[in-house]
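Have a look at the structure below, then the notes.
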Amino acid sequence: MVKIGVLALQGAVREHVRSVEACGEEAVVIKLKEQLKEVDGLILPGGESTTMRRLIDKYDFMDELKAFAAAGKPMFGTCAGLILLAKKLVGYDAPHIGVMDVTVERNSFGRQRESFEASLAIAGVAEDFAAVFIRGPHIVEAGENVEVLAKYDGRIVAAREGQYLGCSFHPELTDDHRMTAYFINMVKESL
């Protein structure tokens, strides 16, 4: 059994915990930076990226998150979590954690009231994944080592680069746990 951390500063924490547990693995709610040493992989949930960054700084998480990445441990960013992982952000001078070789644009799919669901074919995951988009970002550009896993309307909405997995949507908001299971397999392969 692997231990999957869910960064619990803000966002859909409970839903990710439920998804990890539905896959038969242990979920650890990460509220203290010291807890990162206890987990094999980390989910950065959706939420509001600016607020999450403020809380990462307030609770002094940034160095530990970068060390976690440098140690080769898998990280999965959903929606705002993808923004945190990206090396470049459209319209911003500096990234947040900045470890995944992608350029991301925030709020690509409109406002909250324009949220929607779409059926996606995600390489290695599903041909028919019901993806929930809520003010999601999208990947404008992917580096040469980034594998594009899914597109919606011509835009990249899921990608993997080595130990990093990112998506524009909220896989934790449905009862389809295949995206979480894909990440768990990445974690198991990394051990």
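Using C-alpha pairs under 8 Å with a sequence gap of at least 6, the mean separation divided by the residue count of the range 1-93 gives a relative contact order of 30 percent. For the pair E189 and R18, label points projected 7 Å from Cα toward Cβ lie 2.9 nm apart. Annotation: the antiparallel percentage among DSSP beta bridges lying fully within the range 88-147 is about 85. The simple Förster model, with R0 at 30 Å and r as the Cβ-Cβ distance, assigns R155 and T50 a FRET efficiency of 0.85. Working from Cα pairs under 8 Å separated by at least six residues, relative contact order for the chain is 20 percent.
Between A121 and N145, the modelled labels are 2.8 nm apart [label points 7 Å from Cα along Cα→Cβ]. The phi-based Karplus calculation (6.51 cos²θ - 1.76 cosθ + 1.60; θ = phi - 60°) puts the 3J(HN,Hα) values of the range 165-178 at 10, x, 9, 7, 9, 10, x, 6, 8, 10, 8, 8, 9, 5 Hz, whole numbers, x for Gly and Pro.
If you run the Gaussian network model on the chain, springs between alpha carbon atoms under 10 Å, then out of S19, S108, S168 the most flexible one is S108. PRE reach from D128 (point 7 Å along Cα→Cβ): which of the range 172-189 fall under 18 Å by backbone N? Residues 174-179 qualify, since their backbone N sits under 18 Å from the label point. Using only side-chain charges placed at the Cβ, +1 for Lys and Arg and -1 for Asp and Glu, the dipole size of the chain relative to its Cα centre rounds to 480 debye.
Only one residue of G143, Q163, V125 has its Cα farthest out toward the positive end of the dipole of the range 119-180, where Lys and Arg carry +1 and Asp and Glu -1 on Cβ, and that residue is G143.
Averaging the sequence gap over all C-alpha pairs within less than 8 Å and six or more residues apart, then dividing by the number of residues, gives the range 1-41 a relative contact order of 55 percent. Using the Cβ-Cβ distance between V90 and D175 with R0 = 41 Å, the FRET efficiency computed as 1/(1 + (r/R0)^6) comes to roughly 0.80. The Cα-based radius of gyration of the chain, divided by its Kirkwood radius, gives an Rg/Rh of 0.92. Phi-derived couplings, Karplus 6.51 cos²θ - 1.76 cosθ + 1.60 at θ = phi - 60°, listed residue by residue for the range 84-101: 5, 6, 4, 6, 9, 10, 4, x, 10, 6, 10, x, 8, 6, x, 10, 9, 6 Hz, with x used for Gly and Pro. Expressed as a whole percent, the accessible surface of the range 62-176 that belongs to carbon and sulfur atoms is 42, based on a 1.4 Å probe. Note down the net charge around I122, summing +1 for each Lys or Arg and -1 for each Asp or Glu among other residues with Cβ under 13 Å from its Cβ. Spelling it out: positives minus negatives among the neighbours equals -1.
Antiparallel as a % of all DSSP beta bridges within the chain, to the nearest 5? Spell out each step's value before the answer.
Values: 20 of 38 bridges.
Rounded to the nearest five, the antiparallel share is 55 percent.
For G77, the residues 5 or more places off, or on other chains, whose built amide H falls under 5 Å of its own are L44, L165, G166, C167.
Karplus-derived 3J(HN,Hα) values for the range 13-24, using 6.51 cos²θ - 1.76 cosθ + 1.60 with θ = phi - 60°, are 6, 4, 5, 5, 4, 4, 5, 4, 5, 5, 8, x Hz; glycine and proline are entered as x. Among residues other than Q10 with Cβ under 15 Å from its Cβ, the summed charge is +2 (Lys and Arg +1, Asp and Glu -1).
Taking the helices alone, the chain has a mean residue ellipticity at 222 nm of -7500 deg cm²/dmol, built from -39,500 (n - 2.57) per DSSP H run of at least 4 residues and averaged over all its residues. Rolling a 1.4 Å probe over the protein heavy atoms gives the range 71-171 an accessible area of 43 Å² per residue. The Cα atoms of the range 54-109 give a gyration tensor whose axes a ≥ b ≥ c have a/c of 1.5 or more with a/b greater than b/c, which makes the shape prolate.
The values are calculated or read from the model by the stated rules, or taken from the named source; none is laboratory data. On a predicted model such as this, the values are computed, not experimentally measured, just so you know. Backbone-built Cβ (ideal geometry, glycine too); neighbour counts: all protein chains shown. Accessible surface is based on the protein model in full, side chains and every heavy atom, while ligands, DNA and RNA are left aside. Shrake-Rupley method; radii C 1.70, N 1.55, O 1.52, S 1.80 Å.
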